[in-house]
1. How long are the semi-axes of the equivalent ellipsoid of the stretch 155-400, taking √(5λ) for every eigenvalue λ of the Cα gyration tensor, in whole Å from largest down?
2. If I fit a long axis through the Cα atoms of helix 9-25 and take the longest principal axis of the Cα atoms of the chain, what angle between them do I get, 0 to 90°, rounded to 10?
3. Taking every DSSP beta bridge with both residues inside the chain, roughly what % is antiparallel (nearest 5)?
4. If all Cα-Cα distances of the stretch 72-135 are sorted into 5 Å bins from 0 onward, what percent lands in each bin, rounded to whole numbers?
5. So how compact is the stretch 9-54: Cα radius of gyration and Dmax in angstrom?
6. In degrees between 0 and 90, to the nearest 10, how far off the longest principal axis of the chain does helix 295-315 point, with axes built from Cα atoms?
7. Of (i) 205; (ii) 122; (iii) 134, which one was derived for volume of the Cα convex hull per residue in Å³ from the structure shown?
8. Order of 74, 9 from fewest to most other C-beta atoms within 10 Å?
């Protein structure tokens, strides 16, 4: 019997329950044949089978509970690591415990014994789940939703409707979307979050822009494309008029002559599934649905977005679909690879040149993730303390444009 065909404990018990009645009523010769059959099927020792059939088939409760393998030191380490990564799920947290522990130890946030570090490398996902449930979280998370209007089709007809394959093998295929920071009303001009997400690696570029004019959109794309550490092959926005207009399409043709531009199907948010998920986990979870519409708020948001960019791309573990098995026409079984930060996925894809890779790795090594998260919380508190614009106030859109593009990471 191969290892893959071997019965587990529960299956053996069920089988023995089925054979118990036949064994008790059989004569001596029939019992010998039944024992031969049970031994061949279950793989158990013959004496063990006889003792089980002559005794109690129900499993006995453990008389003495097994001692704890992982002590308070592991709990404390996982508590700090989970807090620094904003409490991800156990599947994302467990593969990244060791290197994050070393990162936090380098910045003096935790102090680890070698034995504790070894245990962090051995702990299973299920144990991490139990530890996270036990240690809990000390900070609430904001969650909300935002309805969006669908524009009518016009220039979009010239561009194909599709979606980027989940198993695309190279970096450079980016989903694009806008997050509205409008509060309860879409009246007037307000700040938007422009986001580009690479499907293969999970690398995210984000920047706040004031309004949705072609000038503001081009200014935001200038900033994102200058900071992006790898070339762009494809941009995949939704059907919004802010993406498909004469001015921005001309901008794309001039800025990226070889760019492939595609779009989602109308009313099919799942065509932009990765960036839509990131809209919630990266932006809505921290900023909610409040309205931001002043220059002061825009300045704080730019600093906050830059901190979130660093936090997500360099430290947040991302799970990517590895295998999708079709069980029926409407049912799939999905298997994910071990979670790792987007920077590590870019390195694995070998799409970074050596100077860029060295600069990014140096930036991560110099960053304290727990301190970075505290700075994010401070910026959120500062942002929420600023008042929104009154009806009589106006904002000059040219004062909202980025005057200098940071290309130090290019």
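Quick note: the coordinates plus some simple rules give every number you see, no bench work behind them. In this text, all values refer to a predicted model and were calculated from it rather than measured experimentally. Cβ coordinates were reconstructed from backbone atoms using ideal geometry, including for glycine residues, and neighbour counts include every protein chain displayed.
1. On the way: eigenvalues 162, 110, 69 Å².
Ellipsoid half-lengths, sorted descending, are 28, 24, 19 Å.
2. Helix 9-25 sits roughly 30 degrees off the main axis of the chain.
3. 80 percent
4. 4, 20, 36, 28, 11, 1
5. Calculated on Cα positions, Rg and Dmax stand at 9.6, 28 Å.
6. 30 degrees
7. (i)
8. Values: 74 23, 9 8.
Ranking 74, 9 by Cβ neighbours within 10 Å, fewest first, gives 9, 74.
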